[in-house]
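The values are calculated or read from the model by the stated rules, or taken from the named source; none is laboratory data. Just so it is clear, the model here is predicted, and its values are computed rather than measured. Reconstructed Cβ throughout: ideal geometry from the backbone, glycine too, with neighbour counts over all protein chains shown.
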């Protein structure tokens, strides 16, 4: 009984304090104030994702520029890059890309090897490395295709 009485007194005091601290004559917060603490993505969308590709069997490696929204194929892999974002100039450098990697074996059904975000700063965490033949990882996002100088 004594516990219930203390609970009621505590409840009454807290509700009175809440009503006193939030008067009804204040307008609701504007949209700017309500979004003040929401995290914004300040990264910039780019046109190309530069990927590093390694064939473990032959030892060949290559830099590939994948255009956003287009599929690229090499060997038995097909890569679909949906988006590639580069951090804003005032933020720490970071490139991130959402991609899906499929394997199309000659005698079998296609299977999805990877689908998700790849980060250039953490290639160990988000790359295609568990494939027996190929490794693929994001190098950076860019707006122009890589220019190869011929000698």
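Pairing each residue of segment 67-84 that is in contact (Cβ under 8 Å) with a residue 24 or more places away in the chain and at positive phi with any residue that is buried (at least 16 other Cβ atoms within 10 Å of the Cβ) and part of a strand (DSSP E or B), provided the two are 6+ apart or on different chains, yields C-beta distances under 8 Å for 75/134. Comparison of 127, 100 shows that the only residue that is without any contact (Cβ under 8 Å) to a residue 60 or more places away in the chain, in contact with a strand residue (DSSP E or B) (Cβ under 6 Å, 6 or more places away or on another chain) and surrounded by fewer than 16 Cβ atoms within 10 Å (Cβ to Cβ) is 100. Exactly one residue out of 30, 95, 34, 43 is modelled with pLDDT under 85 and surrounded by 11 or more Cβ atoms within 10 Å (Cβ to Cβ), and it is 43. Going through (1) within 28 Å of residue 44 (Cβ to Cβ); (2) surrounded by 14 or more Cβ atoms within 10 Å (Cβ to Cβ) one by one, residue 75 falls short only on (1).
Filtered by the rule that a residue be outside any strand (DSSP E or B) and within 11 Å of residue 138 (Cβ to Cβ), segment 50-103 gives a lone residue, 94. Every condition in (1) in a loop (DSSP other than H, G, I, E, B); (2) closer than 18 Å to residue 56 by Cα is met by residue 138 except one, and the failing one is (1).
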